[in-house]
Amino acid sequence: MKIGLRILLSYFLILALAAWLVLNVFVGEVKPGVRATLEDTLVDTAQLLAQLVAEDVKGGDIAHAALVGRMQNYAQRSVDVKISGVRKASLDYRITITDARGMVVFDTDNQDVGKDYSRWNDVYLTLRGKYGARSTRTDPANEDSTVMHVAAPIMDHDKIIGVLTVAKPIATIIPFIERSQAKILRRSGWLLLAALIIGIGFSLWLSSSLRRLQRYADAVARDEKIGLPELGNNEIGALAQALEAMRIKLEGRQYVEQVMHTLAHELKSPIAAIQGSAELLSEDLPAAARQHFLNNIIEQNQRQKQLIDKLLALIKIEQQQSLEQHSIDLNSLLNLVKADANVRLQEKALELQIELAPDLVDIKGDALLLRQALGNLLDNAIAFAPHGSCIGLSATQDSEGLALSISDRGPGIPDYAQQRIFERFYSLARPDAAKSTGLGLPLVREVALLHGGSVSVSNRTDGGACACLRLPLP
């Protein structure tokens, strides 16, 4: 399982557990909270009414008392109101009055007058000077049929002469409880969804940063030219900086060892040739032989100079991970490459034909490096092209990018050299010259990689070789 998915699952499981615990408390407390509020209201109502009917109960003629009659009228009234989206179509208070013995003397529903309520908790406790309340189900199997009863003592100075009980069915407040619970659950669902989206966003951000770092490490392992991605000022960014520092240090050490080894190997031959020629010059030789050995020393010294110059140029490009890109006019670039090679073209009476496809877009890159890379490819074509032949330099464009091709009509590339031509210091013998430094094509490959492109050299079906430098479109 990927680390981003692990973090997301862990985050969401913790969040879901916390949300479940909180919701369990909230939703579980809604009903008791509403019932407690209702009981508090019933206490106030019962105490108020008990105080108002005290004189009528003391007089003993409760049936003809004016206030009691008004309470009877209250029970018969109807309403039609909407409270927080819940419709209320009836008045739900039921008021009963008992005497000091617990016998019902008044009932707004006219159901239980004359019955003995002395054993019900609300009356029983109130007659003994305690807080009297009870909850009784009208249907034992249905919790929602519960009716809350709250009683208050009817006092004559310090004597309890009766009990007034106010009752209200729980069913009347259930819609408010369900509405509150549904609202809590709905908003909690939105909260969980928002938290999940935030978690997914964080997971994607973390996974994206790690994937970019992984792609960078893979590209370094493949020896690709790639710059360190911007990963921000955080732990992942610090890890990327540490990897980059380690890469530079390891590559630098390995590169120096490799360069020193190959340079020493390649310089052995010209140094030995120079030393041999110098030793022979110390002897008494004919003028023609002396001149031959002097020319050999100059040639080998020139070869060493070219070797060192090209190696330094290659080292500079190989250590470069990115470049500043500018718009380049292809026509001007190819004409400059032709001008650089004019002398060598004339020496072999070669013709360079430049062909540009119509509607070519200007490319982005380093003009000097591309000029150097194309110059190296053209030098190879000149070296292998037959005297008086034609060399083609073309630029074409397709969906994959821009292709700059240089073709000659020389002997082509032998099969044994196909896989080695881009190796450093590997060179094929020219038809009319010594081997080159073997650093031209490696330099071209590095320039291509810096531009995000590629280079290939292949044999043509009608003879000769074709080198193609492919560059991405802007």
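The values are calculated or read from the model by the stated rules, or taken from the named source; none is laboratory data. Everything numeric in this text was worked out from a predicted model, so none of it was measured. Note: ideal-geometry Cβ built from the backbone for every residue, glycine included; neighbour counts use all protein chains shown. Only protein heavy atoms, including side chains, enter the accessible area calculation; ligands, DNA and RNA are left aside. Shrake-Rupley method; radii C 1.70, N 1.55, O 1.52, S 1.80 Å.
What the table shows:
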read-out	value
In Å², nearest 10: area of residue 176 left accessible to a 1.4 Å probe	60
Surface accessible to a 1.4 Å probe, per residue, for the residues of the stretch 103-184, Å²	51
Protection proxy ranking, peptides 138-146, 211-219, 190-198, average beta carbon neighbours within 10 Å, highest first	211-219, 190-198, 138-146
Length added when fully stretched, residue 354-residue 328, from 0.36 nm per residue minus Cα-Cα	7.7 nm
Equivalent-ellipsoid semi-axes of the stretch 378-474, from the Cα gyration tensor, Å, largest first	23, 17, 11
Pair residue 119, residue 172: separation of 7 Å Cα→Cβ label points (nm)	2.8
Computed over the stretch 139-202, Kirkwood Rh from alpha-carbon pairs, angstrom	16.1
Förster radius 60 Å - calculated FRET efficiency between residue 336 and residue 233 (Cβ-Cβ, nearest 0.05)	0.90
Sorted peptide list for 115-126, 450-461, criterion being average Cβ within 10 angstrom, highest first	115-126, 450-461
Net charge of Cβ neighbours under 13 Å - reference residue 67; Lys, Arg +1; Asp, Glu -1	-1
Hz values of 3J(HN,Hα) by residue in the stretch 396-405 - Karplus curve (6.51, -1.76, 1.60), Gly and Pro given as x	10, 9, 9, 5, 8, x, 9, 10, 10, 10
Förster radius 30 Å - calculated FRET efficiency between residue 179 and residue 48, Cβ distance, rounded to 0.05	0.60
Gain upon complete extension [residue 282, residue 387; 0.36 nm per residue less C-alpha separation]	33.9 nm
When each of 88/130; 58/115; 82/168 is checked by Cα-Cα distance, pairs over 26 Å	88/130
Ranked packing of 347-355, 40-48, most packed first, by mean Cβ within 10 Å	40-48, 347-355
Inter-label distance for residue 426 and residue 343, nm, one decimal - labels placed 7 Å from Cα along Cα-to-Cβ	3.1
